[in-house]
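The values are calculated or read from the model by the stated rules, or taken from the named source; none is laboratory data. Keep in mind that this is a model prediction, so the values were computed, not measured. Virtual Cβ from ideal backbone geometry, glycine too; neighbours counted across all protein chains shown. Heads up: the accessible areas ignore ligands, DNA and RNA and are worked out on the full protein's heavy atoms, side chains in. Shrake-Rupley method; radii C 1.70, N 1.55, O 1.52, S 1.80 Å.
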Amino acid sequence: MLWGGRLWRHPDFLKLWGGQTISQIGSQLTVLALPTVAVLQLHRGAFEVGVLIALQRIPFPLLALIAGVWVDRVRRRPLMIAADVLRALALASIPIAAFANSLTLLQLYAVALLMGLGSVLFDVAYLAYMPSLVGPADLVEGNTKLEVTYSVAGLAGPGLGGLLIQLLGAAKTLSADALSFVVSVVTLAWIRRSEPAQPAADLLTKSRPSLVADLREGLELVFSNPLLRNQLVALTLLALGFHLVDPVLYVWAYRDLHLTPAILGLTFTIGGAAGLVGAVMSASAVRLVGLGPLMAGCLAIAALAYLLLPTAAILSPVPVLFGVYAVVGLFDTMFNINQVSLRQGITPNRLQGRMNASFRTIFWGAWPLANLIGGVLGSWIGPVPTILLAGSIGMLSAVAIAVGPIGRLRQHPVAAPAA
């Protein structure tokens, strides 16, 4: 899947893959740098960091369903380009404001919100664009290669980000992510393969179902299909659990564990390296244990790793954090390759945008809620109890997969339902 396969001879996929590799490395800089600006430069606590992280996800429950309808009505690649331009401009404003000594928490919140808006448009369009670019037969290979992108980004981005923050400061580091979005725009514009045209009936009559009808059709697909419904429940539980950790991690690491940005970035780098291993192992793991057991097992092991994270305050912090994030990176990557390929493979192309938008609305909608709750809990009961609660809720997502219809699957379904 990684070193072989037909997509190495697919020039347009290689352009998309290359651009996304650069863009994802840049985005990993922002994952570390944006909350670091809030904690170390603006001296904010867990609640403010929770709001900052949540604002990047709040557009998903508000706008993803409408974005999904839009994505299924227009060509998807121009939307992806527009979203990257928006995110590049938003991020570039932070180093400019820092240079003028006028950076405020309110500006960070505004940038986070604009980043979220761009991410809604890009992610929904991107997930819907992939099947038309590579074809259903190559989806698992394509998603494996793209998951390697995320792993490489997780490997290179945080370590590079930690060093850049140490050398330049967190605000200036964000300019590198702005440039990475420009690279993504160039590679997307370079793709030569045309997207499928609108259905002939739409071209002749110019008539379409209403917005409400389109929204309903996408939601009905997700909730009527047992596999999609099972996956949605598990992902929502996962988001509610694991993302409680996001706002408390930075405050806990910097103030209680006394880590530097470079060490925290290296922690995420270890997770990225393990994710690369997970991407290589994914196809073999499915053949060995079966799709459903693998997905459930990956979530259970990742949840257990989070439950062990608080031992960093008792034992040596750096080895514990390195070990936890290595485990999470390995098994989260294998889970993501298979959960994305599963839902793309059983959804007709004309409904890809609305299906992915429904997922993004519900389980990514739980993400900012978890960030806000995590920020409140981190300020109220402290980071360690919050992390333990996160791991416990995350374990429920593994149970949902294990006892549901996905848990009985041995391999990926090969045929999509008729449109």
I'd like the full set of residues that are open to solvent by 10 Å² or more (accessible area, probe 1.4 Å) and at pLDDT 90 or above, limited to region 31-61. GLU48, VAL51, LEU55
Per-region count, region 238-282, residues under 22 Å from the mean Cα position of the chain (by Cα) and not in a helix (DSSP H, G or I): 2
Here is a check on your reading of the model: is LEU321 touching a helix residue (DSSP H, G or I) at 6+ places or on another chain (Cβ under 6 Å), open to solvent by 30 Å² or more (accessible area, probe 1.4 Å), modelled with pLDDT of 85 or more and assigned to a helix (DSSP H, G or I)? no
Based on what the data block shows, is VAL148 farther than 24 Å from LEU369 by Cα, open to solvent by less than 20 Å² (accessible area, probe 1.4 Å), in contact with a Gly (Cβ under 6 Å, 6 or more places away or on another chain) and at pLDDT below 90? no
Step by step: first the residues of region 365-376, then only those that are closer than 25 Å to ALA125 by Cα and open to solvent by 30 Å² or more (accessible area, probe 1.4 Å), then the one that is modelled with the highest pLDDT. Which residue is that? LEU369
Quickly run through region 315-351 and pick out the residues that are among the polar types (S, T, N, Q) and farther than 18 Å from LEU294 by Cβ. SER316, THR347, ASN349
Go through region 68-91 and give me each residue that's in a helix (DSSP H, G or I), open to solvent by less than 50 Å² (accessible area, probe 1.4 Å) and either without any contact (Cβ under 8 Å) to a residue 24 or more places away in the chain or charged (D, E, K, R) (or both). ARG76, ARG77, ASP84, ARG87
Residues (under 22 Å from the mean Cα position of the chain (by Cα) and either of a type in the set (Lys, Arg) or farther than 19 Å from VAL248 by Cα (or both)) located in region 287-322: LEU291, GLY292, LEU294, MET295, ALA296, GLY297, CYS298, LEU299, ALA300, ILE301
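Does LEU388 fit the bill of being within 30 Å of TYR109 (Cα to Cα) and surrounded by fewer than 19 Cβ atoms within 10 Å (Cβ to Cβ)?
Details: within 30 Å of TYR109 (Cα to Cα): yes; surrounded by fewer than 19 Cβ atoms within 10 Å (Cβ to Cβ): yes.
The answer is yes for LEU388.
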How many residues of region 277-286 are in contact (Cβ under 8 Å) with a residue 40 or more places away in the chain and surrounded by fewer than 22 Cβ atoms within 10 Å (Cβ to Cβ)? The answer is 5
Kindly establish whether ALA64 is open to solvent by 50 Å² or more (accessible area, probe 1.4 Å), under 21 Å from the mean Cα position of the chain (by Cα) and more than 27 Å from LEU377 (Cα to Cα). no
Residues of region 342-389 being closer than 28 Å to VAL251 by Cβ and of a type in the set (D, E, K, R), in sequence order, are ARG360
If I ask for residues that are surrounded by fewer than 20 Cβ atoms within 10 Å (Cβ to Cβ) and either among the basic types (Lys, Arg) or within 27 Å of LEU63 (Cβ to Cβ) (or both), which ones from region 394-416 would you list? ARG408, ARG410, ALA416
Considering only residues that are among the small types (Gly, Ala, Ser) and open to solvent by 40 Å² or more (accessible area, probe 1.4 Å), look in region 94-115 and name the one that is nearest to MET130 (Cα to Cα). ALA110
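Residue check: is ALA125 farther than 15 Å from GLN24 by Cβ, in a helix (DSSP H, G or I), modelled with pLDDT of 80 or more and not aromatic (Phe, Trp, Tyr)? Talk me through it step by step, then tell me what you get.
On the way: farther than 15 Å from GLN24 by Cβ: yes; in a helix (DSSP H, G or I): yes; modelled with pLDDT of 80 or more: yes; not aromatic (Phe, Trp, Tyr): yes.
Answer is yes for this residue.
Return the only residue of GLY278, GLY297, GLY265, GLY290 being modelled with pLDDT under 85 and of a type outside the set (Phe, Trp, Tyr).
GLY265 is the lone residue from the list that is modelled with pLDDT under 85 and of a type outside the set (Phe, Trp, Tyr).
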